[in-house]
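Inspection log for the structure reproduced underneath, given as structure tokens.
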Amino acid sequence: MSQQIAISLKPDNQFLSFVQSHTGESITACYQCGKCSAGCPTAYTMDITPRRIMRGIQLGLKDELLDSSAIWLCVSCQTCSLRCPREIDIAKVIESLRQLSISEGRRPAQKDIAILYSAFMQQVRFFGRIYEAGFGLMYNLRSLHIFNNMLRLPSLFSRGKLKLKPVRKGASEVKQIAARVKELERKKG
Ligand code: SF4
Ligand code: SF4
């Protein structure tokens, strides 16, 4: 369901500056053509579509965006970024909104997706890749959907789709990348 952005709210230009400097993307270049929203596979579920997210940033509507469901419903497929005639990496911008929402300790509008996201990132940091069985277990426990997909486990294990033992590969490289990103973010302030 679509939600109207209240344009009468006070613009916070610091928010626009922050997102632009954090992502390196020129949000002000967006001329609202709507190609991003038209190609987005999850736009129909979003309370604020990608085009309107961009407009919201231009207007400094920080709270509306960081508390929206849309930033959690984006699956980072990059379709919007590829379609944008202004070459704005919208997927990257939305990822930065998710990160900002987390760093400000906001209550995610889509709690289960936020838990899934955090469990995914933890797995990648620790193993350098996804260990599916651990990932599923972590998600079920944290989301309190304890028995979610449990009936599928025997067939997934028997067909070799899930492994009991995790494979740790590339974890040190992932750690180095994460440390480098943190360092760059620290330098940017
Ligand atoms: S496709 Fe690009 S220019 Fe068009 S609305 Fe989306 S972000 Fe703006
Ligand atoms: S990256 Fe996110 S916003 Fe962009 S098209 Fe994919 S799901 Fe939609």
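Just so you know, all these numbers are worked out from the coordinates, no wet-lab data involved. What you see is a predicted model, and the numbers here were worked out from it, not measured in a lab. Positions of Cβ are generated from backbone atoms using ideal geometry, with glycine treated the same way; all protein chains shown enter the neighbour counts.
Output the Kirkwood hydrodynamic radius of region 111-188, Cα pairs only, in Å rounded to one decimal.
14.0
So for the pair CYS33, LYS182, with labels modelled 7 Å out along Cα→Cβ, what separation do we get in nm?
Result for the modelled spin labels: 4.0 nm.
May I ask you to derive the FRET efficiency for ASN13 and SER118 from their Cβ-Cβ distance with R0 = 25 Å, giving the value to the nearest 0.05?
So the FRET efficiency works out to roughly 0.25.
What percent does the relative contact order of region 101-189 come to when contacts are Cα pairs within less than 8 Å and at least six residues apart?
About 32 percent, as a whole number.
Per Stokes-Einstein, at 4 °C and 1.567 mPa s, what whole-number D in µm² s⁻¹ belongs to region 13-103, with the Kirkwood radius over Cα pairs as the hydrodynamic radius?
Estimated via Stokes-Einstein, D reaches 103 µm²/s.
Pop a pseudo-label 7 angstrom from the Cα along the beta-carbon direction at both ARG159 and LEU137 and give the gap in nm to one decimal.
Rounded to a tenth, the inter-label distance reads 2.2 nm.
Which residue, GLN99, SER81, ILE71, has the largest displacement toward the positive end of the dipole of region 13-103 when charges sit on each Cβ (Lys, Arg +1; Asp, Glu -1)?
Final value for the positive-end residue is SER81.
Counting only other residues whose beta carbon sits under 13 Å from that of CYS80, what net charge do I get with K and R as +1, D and E as -1? Can you show the working numbers first?
Details: positive: LYS35, ARG51, ARG52, ARG83, ARG86, LYS92; negative: GLU25, GLU87, ASP89, GLU95.
That works out to +2.
Based on DSSP H assignment, which helices of the chain show an axial Cα extent of at least 18 Å together with a mean Kyte-Doolittle hydropathy greater than or equal to 0.5?
90-103, 111-127
Just want the answer: with Cβ charges of +1 for Lys and Arg and -1 for Asp and Glu, which residue in PHE126, HIS145, SER158 is farthest toward the dipole's positive end in region 111-188?
Of the candidates, PHE126 comes out farthest on the positive side.
So if I place +1 on the C-beta of Lys and Arg and -1 on the C-beta of Asp and Glu, and nothing else carries charge, what would the dipole magnitude of the chain be about its Cα centre? I want it in debye, nearest 20.
Roughly 760 debye for the chain.
Return the loop-located chymotrypsin sites (Phe, Trp or Tyr not before Pro) in region 101-183 (DSSP other than H, G, I, E, B) with at most 14 other Cβ atoms within 10 Å of their own Cβ; answer none if there are none.
Hits after loop and neighbour filter: PHE147.
Pairs LYS111/LYS175; LYS92/LYS175; LYS62/LYS175; LYS92/LYS187: which exceed 29 Å Cα-Cα?
LYS62/LYS175
Among SER37, SER172, SER118, which one moves the most in a GNM of the chain with springs linking Cα atoms closer than 10 Å?
SER172
Kindly point out, ordered by number, any Cys in the chain whose beta-carbon has no other cysteine beta-carbon under 4.7 Å away.
CYS30, CYS33, CYS40, CYS74, CYS77, CYS84
Per the Cauchy relation, a quarter of the hull surface: what is the mean projected area of the convex hull of the alpha carbons in the chain, in nm²?
Average projection, Cα convex hull of the chain: 12.4 nm².
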